[in-house]
Amino acid sequence: MNETVIYDPFDPEVLTNPYPLYARLREETPVFWNDRMRSWVATRYDDCRDVLRDHRTFARDRRRVNVDVPEFAQNLQTLDPPQLAPLRSLLMNAFRAQDLDAAAHRTHDRIRGLLRSLSEHGEFDWIHEVAAPVALGLTAELFGVTEPDHEPYVAMADAISRRMDAGLDPTVVEPGDEARKRLNALADGWFAQDPGRPGLMTTIQELMAGSGVPGHYIGNSIATIFNASYGTVFAAAGNTVLTLLEHPGALDQFRDPRIVDLGVEELIRFDGPAQGTSRVAAERTVLGGHVIEAGQPVITLLAAANRDPAQFEQPDELLLDRTPNRHLGFGWGSHACLGATFGHVAVREIVLCLLEAPSLRLAGTPVRRRTATVRSMDLLPVSFRK
Ligand code: HEM
């Protein structure tokens, strides 16, 4: 189980641009064992998609391989069908009941207001001044809850996001679990808050009565959804803007209404926030010619799959009218992104607001966050050209 190409997601060069390494892995060692993470890693599109859609063989619920999952951690991300079905269906119905157009308008107004006030300033950091407040504000609005205080929330979300890299750095486990408990407590508080206020919280409360779904699954899932929304929108808001800044002319193409929705999907494929996700083999199986033993984890490198030339023509080009574009940036199968339409809308409204603003330019060197599962940024210095 030797690693022929070294995969170190924390290597500064890889953090800046992981795609050349992903290309080598896909070509030379498409499925490999990584000793540091004690996990198999799949990099080709077909292998990743096959893992994600085969929940019988590749489990999310680690209790199926006799790993303890504490109650505070049990939520829609840790369950598998058939237990997952009633919970996921309740939550999907709650999402469907939300007014997507109204959410898009609110998001647009929020971003436009923020960009107007920032256009008075010189240089600013897109990540702290735009990505974080937009992600938190629109998530709280979607839920219909009072926006949590920014600083403590951002610190908590950061610890949870780093916890996803526990295989690479065990020191992130304890702060991540503590943050997760604080987030669950915050979500529990929302059950008591502003009953009847429109949004996901109220809809979920209405739907859960008599549903038979265990209360802690729902409570913990609310925390999970809130944070999945904040974390990915925050990351996408940075990644997509940097992509646009690095591709002169790309933003202007969004003036063509036929491009807008295709272009958003291409931005997610090209440099999306979710670099990978993991499953565990529930039984002995074979993947990419390797025997995977029951209990061994498998990471699907979604971002590597999204540049696989066997699936995408000119995979390293940003082609905003790309179609079809069956990327894995929102996942695939029974755990595919629950909030994909809202994530899409968030990215779209950011892009559309940028079209209305004075043109944005890079004002310094972007700094990537030292995380592997989620690809995001710590700093993106920009300014509006006057
Ligand atoms: C551009 C933004 C987004 C991206 C790129 C994204 C990406 C993903 C991906 C790749 C997965 C699958 C993870 C896996 O299979 O293990 C996922 C799951 C999930 N996403 Fe998103 N997401 C985005 C926005 C959102 C938003 C806005 C929400 C909520 C409002 C959300 C809620 C969720 C939830 C709850 C799951 C877990 C589903 C499950 O395990 O059954 N996401 N997302």
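Laboratory data are not the source of any read-out in this text; all were calculated from the coordinates shown. For clarity, every value in this text was computed on a predicted model and none was experimentally measured. Please note: Cβ atoms are built from the backbone with ideal geometry, for glycine as well, and neighbour counts cover all protein chains shown.
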> Full extension from A363 to A336: what is 0.36 nm times the residue separation minus their Cα-Cα distance, to one decimal in nm?
Replying inline: 6.1 nm
> Can you run phi through the Karplus equation (6.51, -1.76, 1.60; θ = phi - 60°) for region 208-215 and list ³J(HN,Hα) in whole Hz, with x for Gly and Pro?
Replying inline: 6, 4, x, 6, x, 7, x, x
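Among the GluC sites (Glu not before Pro) within region 1-108, which fall in a DSSP loop and have no more than 15 other Cβ atoms within 10 Å of their own Cβ?
Values: sites: E3, E13, E27, E28, E71; in loops: E3.
Sparse-neighbourhood loop GluC sites (Glu not before Pro): E3.
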> In terms of modelled amide H atoms, which long-range or inter-chain residues lie less than 5 Å from the amide H of R369?
Replying inline: S376, M377, D378
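Restricting to Cα pairs below 8 Å that are 6+ residues apart, what does the relative contact order work out to for the chain? Please round to a whole percent. Don't skip to the answer; put the middle values down first.
On the way: 598 pairs, mean separation 103.5, N = 386.
Value for the chain: 27 percent.
Is region 12-384 best put as rounded, prolate or oblate by its Cα gyration tensor, with a ≥ b ≥ c the root eigenvalues, rounded for a/c under 1.5, and otherwise prolate when a/b is larger than b/c, oblate when not? Mind showing how you got there, number by number?
Working: a/c = 1.60, a/b = 1.10, b/c = 1.46.
It is oblate, given that a/c is not under 1.5 and a/b is not larger than b/c.
If I take R0 = 41 Å and measure r between the Cβ atoms of M92 and E28 in this structure, what FRET efficiency does the formula 1/(1 + (r/R0)^6) give, to the nearest 0.05? Please report the intermediate quantities before stating the final value.
Values: r = 40 Å, r/R0 = 0.97.
Working from the Cβ atoms, E equals 0.55.
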> Considering region 215-335, what Rg and Dmax in Å follow from its alpha-carbon atoms?
Replying inline: 17.3, 51
> How large is ³J(HN,Hα) for each residue in region 18-34, as worked out from phi by the Karplus curve 6.51 cos²θ - 1.76 cosθ + 1.60 (θ = phi - 60°), to whole Hz, x for Gly and Pro?
Replying inline: x, 5, x, 5, 4, 5, 5, 4, 4, 7, 9, 8, x, 10, 9, 8, 10
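Express the relative contact order of region 1-113 as a whole percentage, based on alpha carbon pairs under 8 Å and six or more residues apart in sequence. The partial results should precede the final answer.
Numbers: 61 pairs, mean separation 15.6, N = 113.
Taking the mean separation of contacting Cα pairs over the length of region 1-113, I get 14 percent.
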> Which whole-Hz ³J(HN,Hα) couplings does region 248-264 yield from phi under the Karplus relation 6.51 cos²θ - 1.76 cosθ + 1.60, θ = phi - 60°, glycine and proline marked x?
Replying inline: x, x, 5, 4, 4, 4, 6, 5, 7, x, 6, 8, 3, 6, 5, x, 4
> If you take the beta carbon distance between A73 and I259 as r and set R0 to 41 Å, what does 1/(1 + (r/R0)^6) give as a FRET efficiency, to the nearest 0.05?
Replying inline: 0.50
>> Which residues does the label zone of H150 cover in region 346-386, counting backbone N under 11 Å from a point 7 Å along Cα→Cβ?
In response: none
> Hey, rough spin-label estimate for R106 and D378, points 7 angstrom out along Cα→Cβ, what's it come to in nanometres?
Replying inline: 3.3 nm
>> What's the magnitude of the charge dipole for the chain around its Cα centre, counting Lys and Arg as +1 and Asp and Glu as -1 at the beta-carbon? Answer in Debye, nearest 20.
In response: 500 debye
